[in-house]
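Take a look at the structure set out below.
Read the figures in this text as sums done on the coordinates, not as results from a lab. For clarity, every value in this text was computed on a predicted model and none was experimentally measured. Glycine gets a Cβ as well: all are built from the backbone with ideal geometry, and neighbour counts include every protein chain shown.
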Amino acid sequence: MTDKLWGGRFTGKAAEWVDEFGASIPFDYKLAAEDIEGSLAHSKMLGKQGILSQDEVDQIQKGLLEIEQELNDGELKFSIANEDIHLNIESILTKKIGAVAGKLHTARSRNDQVATDFHLWMKHRLPRVLNELTELQKTLVSLADQNADVIMPGYTHLQHAQPITYGHYLLAYFEMFQRDYERFEFNRKHTDILPLGAAALAGTTFPIDQQFVAEELGFDKIYHNSLDAVSDRDFALEFLSNASILMMHLSRMAEELILWGTYEFNYIELDDTFSTGSSIMPQKKNADFAELVRGKTGRVYGGLMGLLTTMKAIPLAYNKDMQEDKEAAFDVMDTILASINVFNGMLATLTVHKERMSTATENDFSNATELADYLASKGIPFRQAHAIVGELVLKGIQTQTTLTQMPLAELKQASAQIEDDVYEVLKSKVAVERRTSIGGTAISNVKKEVERDYKIIANR
Ligand code: ARG
C-alpha cells in the first residue's frame, strides 16, 4: 500500500514529476467552494438516510465548515501529492476529524463528485454572464434611442451600399446579444442537472436520496442515466460554444469601432479611458481594448476546439482525459465576463461624429438603389432600371457628379420617366425613412424596436 488515498492496491510510488503530470489541483482548486458545498449536501443526505450516524455526519459537517472558513480566509493549502481538489479536501478533513472523514465518500465516486462540482461552478456563474449581457444590451438600446435618426452609410463588402441609421446599426448587435442571452439561458438548463448519485458509473447500492441532494444544491433535475451523468460535458461545450459565438459578435463590432476610429473614417472617437498611447509616436491614440476583445476571441475559440477534440473519442464512462475540461471553461468565463464589461464601457463612452457619418452618404452613390426603385415603381422592369442607373453612376464617376447634382435634363436622357420629384427620393434621410418594412432602417421602425427592446430587458 502507498500513502495515496487510493493506495491500497499499489506498491510502487510515483515520482513527484509524474504526480505533477497527473494532478489537477493547480487549476481545480477553483472548485474548492463547490466541492465543499457538494460534500455538505451529500453528507447531510447520508445522515438523513441512516447510511451514516448523526454523530458521524455532525463531525464531517463541522470539519467541512471549518475548511470552508479557511478557504474564505485564504488559509487553505493544497498539495500536488493529493492530486486534485476532491482528494485534497478529503485529506484536510481527515487531518481534522480522523478516520470518520473516510465515510464521506460512501455512495460517491470522484467521477460523480467532479461532475457535480463542475455543474455547480457553471451554475453559479452563468447568471453573471446573463447580467453582463443585459447591461451591454441596455447600453445598446439607450444609444440606439439617442441615435435613431443619425444617418450613416450602410456597407456591404465594406463599400457604401445604402444609407442606414446608427441606431439601426446598434440594434443589429442588440439582436445578436439577445440570441447570445437566450443561448446562455438554454445552457443553464443543461447545467441545472445533478450527477451525484451516479457514483463511479453504474449508480450505487446504498439507499441514497438524490432528490434531496438536488434540492439542497438547488438543482432542477437529476440525470436519468448514471453513465451519461459522469460522462456528460455537453454543458461545458455549450458554454464554450455560446461564448465563442458571443466573442465573434463582440469581435465584429470591435473591428468596426477600430476602423471607424481611423483618420480615414473618423465616424467615432473612443474615450481616452478606453484608449492607449504609443511609447514612441506622441500623436497616437490606439483602440487597444477593442483590439484585445477581438484578439481574445481566438483563445475562446481555442477553448471550444480543445474540449471538443478532447471529448471526441472518449469511450463511456469517465476517462482521465476529461480532467482537461476545466481550464478552458475557467479561462473562458473570466475572458467573456471581462470582455463584455470592457466593451460596454467602451460603447457607452465613445463620441459619435454625427455630421461626419451623415455627410459620408451625401457625396456617394449609396442612393443608386433609390433611383432604380423609383424607375421600377413607374413600371420599368427592375433589371432594366438597374442598368439605366448603372450607366448614370458610371457617368457620374467619370464627371465627378453625384446623382443629386445631375440636372433633370441629364437624368431624363437616361429615362424619360424621371421627374422633378426624384430629387426628394434621392435624399439619404428620405431613403432611410421610406424603409418601413419589418426590421427596416426607417427612423420610425428603429424607435418602435427601441421600445420593444426596452420591454425585453424590463421583463427579465
Ligand atoms: N481530477 C479529476 C478530474 O478532474 C477528478 C476525477 C478523477 N476520477 C478518477 N477516476 N480518476 O477529472
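General remarks:
- Dipole orientation for region 7-106: of the candidates Val57, Ala15, Ala32, Val57 has the Cα lying most toward the positive pole (charges on Cβ; Lys, Arg +1; Asp, Glu -1).
- Lysine pairs in region 34-180 whose alpha-carbon atoms fall under 27 angstrom of each other, counting only those eight or more residues apart or on distinct chains, come to 22.
- Charging the Cβ of each Asp and Glu at -1 and of each Lys and Arg at +1, and nothing else, the dipole of the chain about its Cα centre rounds to 680 debye.
- Against the empirical curve 2.2 N^0.38 Å, the C-alpha radius of gyration of region 1-90 lands at a ratio of 1.23.
- Distance histogram in 5 Å bins (all Cα pairs of region 333-395, percent per bin): 4, 15, 14, 11, 9, 8, 8, 8, 10, 8, 5, 1
- Among the chymotrypsin sites (Phe, Trp or Tyr not before Pro) found in region 5-72, those both in a DSSP coil and sparsely packed, with 11 or fewer other Cβ atoms within 10 Å of their Cβ, are Trp6.
- Among His86, His124, a tally of other beta-carbon atoms within 10 Å of each Cβ gives an order, fewest to most, of His124, His86.
- Percentage of interatomic Cα-Cα distances in the chain larger than 39 Å: 43 percent
- Taking θ as phi - 60° and the Karplus parameters 6.51, -1.76 and 1.60, the scalar couplings of region 172-177 work out to 4, 6, 3, 4, 5, 5 Hz in sequence order, x denoting glycine and proline.
- For trypsin sites (Lys or Arg not before Pro), the sites in region 219-294 that DSSP calls loop and that have at most 14 other Cβ atoms within 10 Å are Lys284, Lys285.
- Of the GluC sites (Glu not before Pro) found in region 207-309, the ones in coil according to DSSP and having at most 15 other Cβ atoms within 10 Å of their Cβ are Glu264.
- For Val352, Val141, order by how many other beta-carbon atoms lie within 10 Å, fewest first: Val352, Val141
- Among Thr116, Thr11, Thr441, Thr359, sorting on how many other beta-carbon atoms sit within 10 Å of each Cβ, with the fewest leading, yields Thr11, Thr359, Thr441, Thr116.
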